[in-house]
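Written below as structure tokens is the structure these notes are about.
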Amino acid sequence: MRVSLCTITFRHHLISLDEIAAWAEANDFQGIELWGAHARNLASRPDRNAEWLDGYGLSVPMISDYLPLDGDAETLRTKTVELCRLARRWRTRKIRTFAGNRGSAQVSANERQGIVSRLKDICAITAGYGIQLLAETHPKTLADTAASTVRLIEEVDHPAFAINFDTLHVWEGGDDPVAVHRSMKPHIRHYHLKNIVDRADLTVFEPANVYAAAGSRRGMTPLFEGAVDYDRFLSEIASDPQADASLEWFGNDCFETLRGDRQQINHMVAARAPARRTAGV
């Protein structure tokens with residue numbers, strides 16, 4: 001499993017990508033997942049690209065953004081093309097978006113079909129760039145439950161369409177992340193990893209709170225200290241060399257928390273690795 005950190009962690013920090021990259025390299029991360037806003041703001045820096053990041057032994061596994069599925073078609077096309085060009089600059093083949101902004105139980109059949117149609121249109125664009133579009137499992141979207149997510153995959157039915165598996169949000173939707181992962185694995189291209197102290201604290205991840213500099217961080221907790229059993233879940237993917245996962249930390253004490261979570265993942269992987277025996281002569 002390749003593990004990345006997310007630049008969205010530093011959305012309220014005065015810190016450069018250079019500092020983030022140096023720290024990520026020193027703390028055994030393999031990549032940096034770029035927030036769309038950060039990728040666009042770096043567009044004026046031609047010296048900051050995939051080749052530059054190669055110098056740190058890092059890559060960009062995904063750019064995470066929010067394509068306006070409810071906007072007009074031309075605006076959506078323009079923003080998708082812009083994002084694909086940014087993805088090429090950073091040599092990533094994955095961009096993340098949300099499948100609408102209303103839950104599956106709240107949308108009508110016609111509204112759902114409209115979102116599906118827009119996702120198909122985006123996939124046609126990203127495929128031309130050799131890039132996959134990942135819909136994130138997330139509340140208040142059409143990927144808010146396992147059943148709706150599977151249905152969405154079937155409805156979009158495009159080889160460029162896949163899933164960003166946010167483990168916490170799958171659990172939030174009332175499903176068992178391990179069971180869902182086993183059934184959905186052929187369609188998963190990335191994982192977001194984060195945790196919460198208790199189900200009652202889930203509102204802390206509401207966008208209006210998360211993106212507010214003065215928002216509450218109560219209930220956010222290191223990966224192995226929360227309500228979601230990551231020992232159990234990571235045992236499913238930790239040994240997969242093709243698995244890309246990002247530690248999506250939104251709370252305080254960024255470097256300390258990310259360092260601790262990365263170290264614990266390493267310890268967990270080492271503890272589960274089969275003992276190596278040296279053959280005798």
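The values are calculated or read from the model by the stated rules, or taken from the named source; none is laboratory data. Computed from a prediction, not measured in an experiment: that's the story for all the values here. Quick reminder, even Gly has a Cβ in these numbers, built from the backbone with ideal geometry, and neighbours come from all protein chains shown.
Taking the criterion of being among the polar types (S, T, N, Q) and over 20 Å from Asp229 (Cβ atoms), the residues of region 139-170 that qualify are Thr141, Ser148, Thr149, Asn164.
Glu25 satisfies every condition listed in (1) within 30 Å of Ile115 (Cα to Cα); (2) assigned to a helix (DSSP H, G or I); (3) acidic (Asp, Glu); (4) touching a residue at least 12 places away in the same chain (Cβ under 8 Å) except (1). Scanning region 186-217 for residues that are closer than 19 Å to Arg11 by Cβ, part of a helix (DSSP H, G or I) and among the acidic types (Asp, Glu) gives no hits. What about Ser183, is it of a type in the set (S, T, N, Q), farther than 19 Å from Ala146 by Cα and either outside any loop (DSSP other than H, G, I, E, B) or over 17 Å from the mean Cα position of the chain (by Cα) (or both)? In short, no. Comparison of Ala238, Ala273, Ala243 shows that the only residue that is exposed (fewer than 15 other Cβ atoms within 10 Å of the Cβ) and either at pLDDT 95 or above or of a type in the set (A, V, I, L, M, F, W, C) (or both) is Ala273. Scanning region 3-22 for residues that are outside any helix (DSSP H, G or I) and buried (at least 16 other Cβ atoms within 10 Å of the Cβ) yields Val3, Ser4, Leu5, Cys6. The residues listed here are Thr137, Thr126; of these, the one that is touching a residue at least 24 places away in the same chain (Cβ under 8 Å), in contact with a Gly (Cβ under 8 Å, 6 or more places away or on another chain) and within 19 Å of His158 (Cα to Cα) is Thr137. Evaluating Ser235 against the criteria (1) over 25 Å from Arg96 (Cα atoms); (2) outside any loop (DSSP other than H, G, I, E, B); (3) not β-branched (Val, Ile, Thr) leaves one unmet condition, (1). Just one of the numbered conditions (1) in a loop (DSSP other than H, G, I, E, B); (2) farther than 18 Å from Trp23 by Cβ; (3) not hydrophobic (A, V, I, L, M, F, W, C) is not true of Gly251: (2).
For region 162-188, the tally of residues that are under 15 Å from Glu236 (Cα atoms), surrounded by fewer than 24 Cβ atoms within 10 Å (Cβ to Cβ) and either without any contact (Cβ under 8 Å) to a residue 40 or more places away in the chain or polar (S, T, N, Q) (or both) stands at 8.
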